[in-house]
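Remarks on the structure that follows.
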Amino acid sequence: MQLFDKLKHLKDNVQSVLLGKPQVVDQVLVALLARGHVLVEDVPGVGKTVLARAVAKSIECQFSRIQLTPDMLPSDILGVSVYDSDSGEFVFKKGPIFAHVILADEVNRTTPRTQSALLEAMNEFQVSTDGETWKLGPPFIVLATQNPSEFQGTYFLPENQLDRFMIRVRMGYPDKETERQILRLQPGRTRLGDLKAVMTAGELVELQERVLTINLDEEIVEYILDIAEATRRSGELSIGLSPRGSLALTQASRASALLDGRDYVVPDDVRLLASAVCSHRIKAKSFHDDDAGGAEAIFEKILETVPIPQ
């Protein structure tokens, strides 16, 4: 089976258990192909765990769930060195971060110190301790869930940490007919248990390498630069899109093209992903707009002013 065909099977496989959310599945697979991480921001109970488990099972990779709490320490995630009385040496015991697909549940419920340790591992794709470095993956992707900020007992993720996530996803509630299917089929329990892998980790890594070869026309580059520049000039924003954000949009657009079976990027790849990739990286000036929804609305208005290449 060709790798392009396997990508289609991968998408169908995940959608068979996460009903009614094709756009969410596409966005997560784009991040997976582009070696990015995903921030899933939504209320509890809308299928975030099912999504992460389905991705891990579909690519035959090790899955780890980290339930983040206020009393959690960085070593609870990364691992710790313990003394081995037999050898007389300290031995590093790996933490739950050492898996291929990580679900970091309720990342904004743990302390900033633990958040920073997790995000540093995500950024570096490695853990360093006691003078030794331990590689993470490949593949390696973190899906961090975050409850809305108005929930009690939450810590805000600062802008420099939000910038580490390639894509922010909002799952939302299912429509009535989809929820009817969920109630009848309970795919998170029945279908997820029977889900089979459609590709190996090695095949996924090969696809990740292929993303780098996707053709990016100069007009597409100019379009991404124009979007970034428009956010930096906006009078409604105090923080515009960073170069890391521009690079993330470029890589995500390439991955989107590959997911669609193309070896070149089209403007729609950029346009359809722009808000998910960029809106959590900017900051509104107005206090009333200084939340995720307000910044996203401002970004959407800015995006409409940027001419789309023909």
Roughly what % of DSSP beta bridges within the range 7-199 run antiparallel, to the nearest 5? 40
Total lysine pairs whose alpha carbons fall under 20 Å of each other in the chain (8 or more apart, or interchain): 22
So how strong a dipole does the chain carry about its Cα centre when Lys and Arg Cβ are +1 and Asp and Glu Cβ are -1, to the nearest 20 debye? 780
Taking only Cα atoms and a 10 Å spring cutoff, compute GNM fluctuations for the chain and point out the largest among 185, 272, 73. 185
Most to least packed among 210-216, 116-122 [average Cβ atoms within 10 Å]: 116-122, 210-216
So if a site counts as exposed when it's one of the chymotrypsin sites (Phe, Trp or Tyr not before Pro), its DSSP state isn't H, G, I, E or B, and it has at most 14 other Cβ atoms within 10 Å, what's the longest stretch of the chain without one? 157-286
With only helices counted (DSSP H, runs n ≥ 4, each -39500 (n - 2.57)), the per-residue ellipticity at 222 nm for the chain, to the nearest 500, works out to -14000 deg cm²/dmol
I'd like to know which of 195, 212, 223 lies farthest towards the positive end of the charge dipole of the range 193-273, counting +1 on Cβ of Lys and Arg and -1 on Cβ of Asp and Glu. 195
Footprinting exposure proxy for 64, 75, 85, 253 (fewest neighbouring C-beta atoms within 10 Å first): 85, 75, 64, 253
Please arrange 301, 8 by counting, for each residue, the other beta carbons lying within 10 Å of its beta carbon, fewest first. 301, 8
Length released on extending from residue 132 to residue 210, taking residue separation times 0.36 nm less the Cα-Cα span: 25.0 nm
Would you mind calculating the gained length between residue 308 and residue 272 on full extension (0.36 nm times residue separation, minus the Cα-Cα distance), in nm to one decimal? 11.8 nm
Just rank 283, 94, fewest to most, by other beta-carbon atoms within 10 angstrom. 94, 283
How far apart, in nm, are the 7 Å Cα→Cβ label points at residue 65 and residue 286? 4.0
Residue 83 and residue 185 label points (each 7 Å along its Cα→Cβ direction) are spaced in nm at 5.6
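Any read-out appearing in this document is the output of simple, stated calculations on the displayed coordinates, not a laboratory observation. Keep in mind the model is a prediction, meaning the values are calculated, not measured. As a convention, Cβ positions derive from the backbone with ideal geometry for all residues, glycine included, and neighbour counts pool all protein chains shown.
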